[in-house]
């Protein structure tokens, strides 16, 4: 590939920059703030589990060479890790958790793509797994820093655990595979892929919004903050009155 030719992964990043920024802001504002609550964290894992599981299972159903190529390392298979985390956070009967309308719509969209244009499923594989290797690692670190501290043994989240894996190297291999796959696409196929990339983040935003319990956690945190503020204000007023 000529050095003057823009990498397709760079085009993907540019094409999704605005919606990606919105998605990051949404996660940080509505999901990361709820890291203290294990049920909410589990709810977030639950919605994304279904998407990752669909994409991994689709690999076996489709048996497409390019789709297979995108899974550059066995560590990318995260379905079992999600299931272990869900059993920990939501209990052994986590599978009985009802799915939101947003999640059902997401899965229906993926099913339609698998039927009509399975190549576009690779847009979801690329963005979601790259997100897990990037933002997912940041969220995991925030959980360790800001999560509720208990006397029980600290649980290590399996889905974000890439112990002994060189993540920068893995991400580079992932990008290389995506660029090699895109090099064989027609301009029309590439544009469809770029368009679907934006859809990935729109769909992700909808299921993040559907995670239950976030408003309750935020309300509790605001109540605690208000109580601290009122206590400080009371102390200041008392000092001034008796000055």
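The values are calculated or read from the model by the stated rules, or taken from the named source; none is laboratory data. Being a predicted model, the structure only gives us computed values, none of them experimental. Here Cβ is always computed from backbone atoms with ideal geometry, including for glycine, and neighbour counts include all displayed protein chains.
Data table
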read-out	value
Helices (runs of 4 or more DSSP H) wholly inside the range 1-104 containing at least 1 residues that are under 15 Å from the mean Cα position of the chain (by Cα), closer than 21 Å to residue 173 by Cβ and at pLDDT 95 or above	38-62, 79-90
Pairs, first under 14 Å from residue 180 (Cα atoms) in the range 2-16, second modelled with pLDDT under 95, C-beta under 8 Å, six or more apart	7/1
Index of the failed condition, residue 186 passing every other in (1) closer than 30 Å to residue 39 by Cα; (2) modelled with pLDDT of 95 or more	(1)
Residue in the range 161-168 that is modelled with pLDDT under 90, assigned by TED's automatic domain parsing to the domain that holds residue 42 and under 23 Å from residue 78 (Cα atoms) present	yes
Hits in the range 167-194 (condition: farther than 14 Å from residue 130 by Cα, without any contact (Cβ under 8 Å) to a residue 24 or more places away in the chain and surrounded by fewer than 13 Cβ atoms within 10 Å (Cβ to Cβ))	186, 187, 188
